[in-house]
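K.L.:
Please read through the structure below; I'll follow up with questions.
The values are calculated or read from the model by the stated rules, or taken from the named source; none is laboratory data. Bear in mind the structure is a predicted one, so any value in this text is a computation, not a measurement. In this analysis, Cβ positions are derived from the backbone assuming ideal geometry, glycine residues included, and neighbour counts consider all displayed protein chains. When the accessible area is computed, the model is the full protein with side chains, heavy atoms only, and any ligands, DNA or RNA have been set aside. Shrake-Rupley method; radii C 1.70, N 1.55, O 1.52, S 1.80 Å.
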Amino acid sequence: MAKIKKGDLVQVITGAKAERGGDRGKQGKVLKVFPETNRVLVEGINRVTKHTKVGQSSRGSKTGGIEVVEAPIHVSNVAVVDPETKKPTRVGYRTETVTKDGRTRTVRIRVAKGSGKDL
């Protein structure tokens, strides 16, 4: 089960500090999760310059050149941000039994270990 999901607010916990040109301490929203490689794409984090081949679109405008895009970062280098304290926290699970339409189900709810709030 994935502890980090699309749409989560995460903070980078490893790497060079932000004042030295790195991303440690920066927060961003998860745009995409790559479970097969254990990586996540975070908005505004790990930005790299990408050189794309110059071509023409169907309307005749030039495309390509140098663009700055986000690159995936490993899951172990980010932590979910606690919604109450706005600091990085660990993720746990709480089980609850829910009765709906006469059926009883057990559901797992993601919980921030620091404050105990639902994520």
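K.L.:
So, restricting to strands (runs of 3 or more DSSP E) that lie completely within segment 17-56, which ones have at least 2 residues that are charged (D, E, K, R), within 17 Å of PRO72 (Cα to Cα) and open to solvent by 90 Å² or more (accessible area, probe 1.4 Å)?
P.N.:
Because the criterion is at least 2 residues that are charged (D, E, K, R), within 17 Å of PRO72 (Cα to Cα) and open to solvent by 90 Å² or more (accessible area, probe 1.4 Å), the strands (runs of 3 or more DSSP E) in segment 17-56 that meet it are 27-34, 47-56.
K.L.:
For GLU70, only one of the following conditions fails: (1) more than 24 Å from GLY116 (Cα to Cα); (2) surrounded by 12 or more Cβ atoms within 10 Å (Cβ to Cβ); (3) acidic (Asp, Glu); (4) over 12 Å from the mean Cα position of the chain (by Cα). What is its number?
P.N.:
Result: GLU70 passes all but (4).
K.L.:
Every residue in segment 5-16 that is open to solvent by 70 Å² or more (accessible area, probe 1.4 Å) and either in a strand (DSSP E or B) or at positive phi (or both), please. Can you show your working first?
P.N.:
Here is the first cut: in segment 5-16, the residues open to solvent by 70 Å² or more (accessible area, probe 1.4 Å) are 5-6, 9, 13.
LEU9, the sole residue that qualifies.
K.L.:
From the residues in segment 13-38 that are at pLDDT 90 or above and hydrophobic (A, V, I, L, M, F, W, C), which one is farthest from THR89 (Cα to Cα)?
P.N.:
Checked segment 13-38; the qualifying residue farthest from THR89 (Cα to Cα) is PHE34.
K.L.:
Just to check your reading of the model, which residue among ALA2, ALA79 is part of a strand (DSSP E or B) and within 21 Å of ALA112 (Cα to Cα)? Spell out how you get there, then give the answer.
P.N.:
Details: ALA2 fails: part of a strand (DSSP E or B).
On inspection, the qualifying residue turns out to be ALA79.
K.L.:
Can you report the number of residues in segment 73-112 which are closer than 22 Å to PRO35 by Cβ, in contact with a Gly (Cβ under 7 Å, 6 or more places away or on another chain) and open to solvent by 60 Å² or more (accessible area, probe 1.4 Å)?
P.N.:
Residues that pass the stated criteria total 0.
K.L.:
If the Cβ limit is 9 Å and pairs must be 6+ apart or interchain, which residue in segment 77-102 that is under 26 Å from ASP23 (Cα atoms) and of a type in the set (Lys, Arg) pairs with which residue that is open to solvent by less than 20 Å² (accessible area, probe 1.4 Å) and modelled with pLDDT under 90?
P.N.:
Once the first residue is under 26 Å from ASP23 (Cα atoms) and of a type in the set (Lys, Arg) and sits in segment 77-102, its partners that are open to solvent by less than 20 Å² (accessible area, probe 1.4 Å) and modelled with pLDDT under 90 give ARG90/ALA112.
K.L.:
Also, I was wondering about something else. Return the residues of segment 1-29 that are closer than 13 Å to LYS86 by Cα and either in contact with a Ser or Thr (Cβ under 6 Å, 6 or more places away or on another chain) or of a type in the set (S, T, N, Q) (or both); say none if nothing qualifies.
P.N.:
Matches in segment 1-29: GLN11, GLN27.
K.L.:
Looking at this structure, is ARG59 open to solvent by 90 Å² or more (accessible area, probe 1.4 Å), charged (D, E, K, R) and over 23 Å from ALA2 (Cβ atoms)? Break it down stepwise before answering.
P.N.:
On the way: open to solvent by 90 Å² or more (accessible area, probe 1.4 Å): yes; charged (D, E, K, R): yes; over 23 Å from ALA2 (Cβ atoms): yes.
When the stated conditions are applied, ARG59 passes them.
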